[in-house]
Amino acid sequence: MDNGSNEPGGPLVAVSASTEVMRHPEAGEHLLGPTERQRAARFRQEEARQDYVAAHVLVRICAARVLGVEAAALTLAQQCPDCGDHGHGKPYLAGHPEIHVSLSHTHGVVAAAAGHHPVGVDVELPGRTGTAVEVFERVLAEAELKLVQAHPDPGRAFLRQWVRKEALIKIGRTTLDTLGELDLSALPLDTPAGLPLHSKYEDLYLLDWQDDTGTGATVCAAATRPPHLATPAALAP
Ligand SMILES: [Zn+2]
């Protein structure tokens, strides 16, 4: 697959409606481990529970394709870097320390990534972050704020920078508290219609994608090698 770069071997990134993930031949709640099942059972809303399950299934499918194994052969675990708890925090594959994984879920849409290099992925839907000026000012650097406010669709432009920053949090480059200090104003705010946009931030490779004909999701993956977007065929068993 052409990943838009001369450096192959970057993480595989997948984005899908939660319902679509569960139609994959390998998908099912049976893939989840006991800790994940407990966590899933705590969601009050059934839709949120399904999104959680779908994200945890999709990340296994991505990792399974990278490793050339069945999704059912993989054990996904999490550990929080702050409190050490195993019910949340950074996901990893038990028994496969060479594989890096990341996952994200929002209302009805999930994203996942897996590969041999560190990766962070985030997915958001338009209209969910709000467009309050205070939010823009907290999240964006000054130069970013100017560009977002001058954009024909400031909400969409804001969301693009937001998912990038969330992906950078997941790969450990920034934190929720320091988002406004991270300046991504050199990056384009628009992605080419229907296609992923590949760009760089410092030493990291970013993949941006806007799923305008499907879920409507805005997606970013950040990695130390160029990430590539998986086609449904690439995820097939
Ligand atoms: Zn914790």
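The values are calculated or read from the model by the stated rules, or taken from the named source; none is laboratory data. All values derive from a computational prediction rather than experimental measurement. When we count neighbours, we look across all protein chains shown, and the Cβ atoms used for this are built from the backbone with ideal geometry, even at glycine. Quick note on the areas: whole protein, heavy atoms, side chains included, nothing else; ligands and nucleic acids left out. Shrake-Rupley method; radii C 1.70, N 1.55, O 1.52, S 1.80 Å.
Taken together, the criteria place Val148 among residues that are β-branched (Val, Ile, Thr), outside any loop (DSSP other than H, G, I, E, B) and at pLDDT 95 or above.
Residues of the range 32-39 include at least one that is among the hydroxyl-bearing types (Ser, Thr, Tyr), within 16 Å of the ligand (Cβ to nearest atom) and modelled with pLDDT under 95. Just one of the numbered conditions (1) touching a Phe, Trp or Tyr at 6+ places or on another chain (Cβ under 9 Å); (2) open to solvent by 30 Å² or more (accessible area, probe 1.4 Å); (3) of a type in the set (D, E, K, R) is not true of Glu36: (2). Among the residues making up the range 77-97, those that are away from the ligand (no atom under 14 Å from the Cβ) and not in a strand (DSSP E or B) are Ala94, Gly95, His96, Pro97. The residues listed here are His24, His56, His105; of these, the one that is buried (at least 16 other Cβ atoms within 10 Å of the Cβ), more than 16 Å from the ligand (Cβ to nearest atom) and part of a loop (DSSP other than H, G, I, E, B) is His24.
Each row is one residue, and each column tells you yes or no for (1) over 15 Å from the mean Cα position of the chain (by Cα); (2) among the small types (Gly, Ala, Ser); (3) exposed (fewer than 15 other Cβ atoms within 10 Å of the Cβ).
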{"residue": "Val133", "(1), (2), (3)": "yes, no, yes"}
{"residue": "Lys146", "(1), (2), (3)": "yes, no, yes"}
{"residue": "Pro154", "(1), (2), (3)": "yes, no, no"}
{"residue": "Gln161", "(1), (2), (3)": "no, no, no"}
{"residue": "Ile171", "(1), (2), (3)": "no, no, no"}
{"residue": "Thr178", "(1), (2), (3)": "yes, no, yes"}
{"residue": "Leu184", "(1), (2), (3)": "yes, no, no"}
{"residue": "His228", "(1), (2), (3)": "no, no, no"}
{"residue": "Thr231", "(1), (2), (3)": "yes, no, yes"}
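Within the range 190-202, the set of residues being closer than 24 Å to Thr231 by Cα and surrounded by 14 or more Cβ atoms within 10 Å (Cβ to Cβ) comprises Asp190, Thr191, Pro196, Leu197, His198, Ser199.
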